[in-house]
1. Could I have the simple spin-label model distance between residue 321 and residue 118, label points 7 Å from Cα toward Cβ, reported in nm to one decimal?
2. Can you give the accessible area of residue 37 in Å² (nearest 10), computed on protein heavy atoms with a 1.4 Å probe?
3. So if we plug the beta-carbon distance of residue 244 and residue 3 into 1/(1 + (r/R0)^6) with R0 = 60 Å, what FRET efficiency do we get, rounded to 0.05?
4. Quick one: accessible surface of residue 374, probe radius 1.4 Å, all protein chains present, in square angstrom to the nearest 10.
5. With θ set to phi - 60° and the Karplus curve 6.51 cos²θ - 1.76 cosθ + 1.60, what are the ³J(HN,Hα) couplings of region 231-238 in order, to the nearest whole Hz, using x for Gly and Pro?
6. Round to the nearest 0.05 the FRET efficiency obtained for residue 359 and residue 106 when R0 = 45 Å and r is the Cβ-Cβ distance.
7. Leaving out ligands, DNA and RNA but keeping every protein chain, what accessible area does residue 402 have, in Å² rounded to the nearest 10, with a 1.4 Å probe?
8. Taking a quarter of the surface of the convex hull around the Cα atoms of region 358-399, what do you get in nm²?
Amino acid sequence: MTFGRQLPSLRVPVPGPRSRVFVDRLAAAESPAFTTRRARRAERAGAPMDPIVWRRAKGANVEDSDGNVYVDLTAGCGVAALGHAHPAVVEAAQTQLATLPHARGDLHPSEAKVELLEALAARAPFPDARVVLGLNGSDAIEVALKTAALATGRPGVLAFEGGYHGLAYGAVAACGFQPAFRAPFAAQLNPHVRFAPYPCAGDPVEPALAAVDEALADGRVGAVLYEPLQGRGGVRVPAPGFLEAVRERARAAGALTVADEIFTGLGRCGVPFLSAPADAATSVAPDLLCLGKARAGGLPVSACLGRAEVMAAWGDPTGAALHTGTFYGHPPGCAAALAALETMDREDVAGRARKVGDRFRARLAAVPGVAEVRGLGLMVGIVPAAPRAALGVVAALLTRGYLTLPAGGAADVVQLAPPLTIPEALLEGFVGTLSALLAAPVETRP
Ligand SMILES: Cc1ncc(COP(=O)(O)O)c(C=O)c1O
């Protein structure tokens with residue numbers, strides 16, 4: 001069996017003794033938020049939720065500190081779309097690291113940064129794009145929100161219930177996923193954020209559009225921020241036509257639309273960008289597009305792409321660099337991102353995600369004990385039938401060698417976002433394991 005393409009292989013029960021030692025050390029050194037959250041989740045799942053500690057990863061596999069090998073159906077939270085440690089990405093990053101590990105960001109950029117900006121602009125779903133780089137998804141969202149404020153002179157943001165955009169101050173103010181993320185910081189957050197419902201297939205669209213109209217009516221909203229499919233919110237595919245109607249309304253009201261494709265973009269959902277209009281002549285594309293996660297094959301690089309006329313708002317009136325960061329445009333990240341982009345194009349990973357994802361979701365939907373399967377491409381959400389809870393299924397799958405994520409505001413969905421290059425035999429192995437798990441009596445904490 002080749003590490004990177006193999007089925008799970010567990011040497012010791014999960015989590016093993018070495019992982020446990022690291023987790024204890026973690027609890028002593030890390031912010032208590034994470035340990036407390038794990039304890040709470042374990043309580044709700046009725047099963048231990050202790051993490052494994054990762055030692056190495058390749059392709060679709062992760063090995064933990066105890067030598068257990070897993071199939072990573074999360075791609076490290078959507079990052080390893082090409083699989084972990086893709087050779088082209090590793091080589092590009094290593095070469096760049098040895099040649100020029102760091103330049104001076106905006107003051108003296110690296111060649112790699114210039115090439116990445118050009119490559120991203122050329123792939124934007126609108127002509128004549130301009131790009132700002134960041135390190136993580138939140139950075140890209142902050143740029144988009146600042147751009148909208150500069151370009152429109154309006155302070156307001158319209159976001160959607162269930163949406164997740166990261167946890168920096170600008171982004172968390174627009175977090176509709178769980179109000180708990182905003183609550184402790186409420187006094188410091190943008191007070192001009194409004195939320196509208198995000199209807200999925202079968203939900204009524206008119207009340208949501210009425211809420212959008214109402215929010216836009218006073219002319220204070222500068223940015224309408226949405227995910228073209230809500231990932232962390234529970235793999236929620238929007239009702240057909242809803243986001244197109246939102247974009248048209250935003251444009252008519254003078255607000256800019258921001259498509260957060262940090263999770264969905266770059267092929268995850270079977271197309272390069274979900275928010276690219278199917279028909280450029282009749283549909284409205286977003287004004288700003290945010291990318292992150294899979295952007296650099298495992299290195300931290302994000303980007304906000306915008307139409308040139310919108311990005312012109314940064315043509316600075318004050319002479320100050322209004323948005324910069326020491327590590328933005330980090331050369332090894334840019335080189336890795338370029339290599340990832342070229343590989344994605346060459347191997348048509350979006351097309352593969354579409355075909356493999358369609359087959360995989362159909363197989364999952366036929367598993368007894370699965371109430372619902374939703375998603376697009378290789379962004380997949382499984383709702384287990386009662387009485388089984390998603391958190392318990394995620395915990396049980398871990399002990400069987402499959403890494404999955406809980407999603408949804410109530411953590412009621414098992415989310416899968418595997419590498420887009422994953423061998424189908426591994427997905428088939430997962431279908432078998434899930435079937436056996438759901439056919440067995442519900443496990444409870446010993
Ligand atoms: C849709 C979406 N936007 C933004 C973010 C935030 O990205 P980051 O965690 O890199 O800041 C995430 C992270 O899960 C996301 O899924």
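The values are calculated or read from the model by the stated rules, or taken from the named source; none is laboratory data. Computed from a predicted model, the values in this text were never measured in an experiment. Heads up, the Cβs are rebuilt from the backbone with ideal geometry, glycines too, and the neighbour counts pull from every protein chain shown. Areas reflect the complete protein model, heavy atoms only, side chains present, ligands, DNA and RNA absent. Shrake-Rupley method; radii C 1.70, N 1.55, O 1.52, S 1.80 Å.
1. 2.2 nm
2. It works out to around 100 Å².
3. Computed FRET efficiency for residue 244 and residue 3: 0.85.
4. So the heavy atoms of residue 374 present about 60 Å² to solvent.
5. The phi angles translate into x, 4, x, x, 6, 9, 8, x Hz.
6. Calculated value: 0.50.
7. The value for residue 402 is about 10 Å².
8. 3.0 nm²
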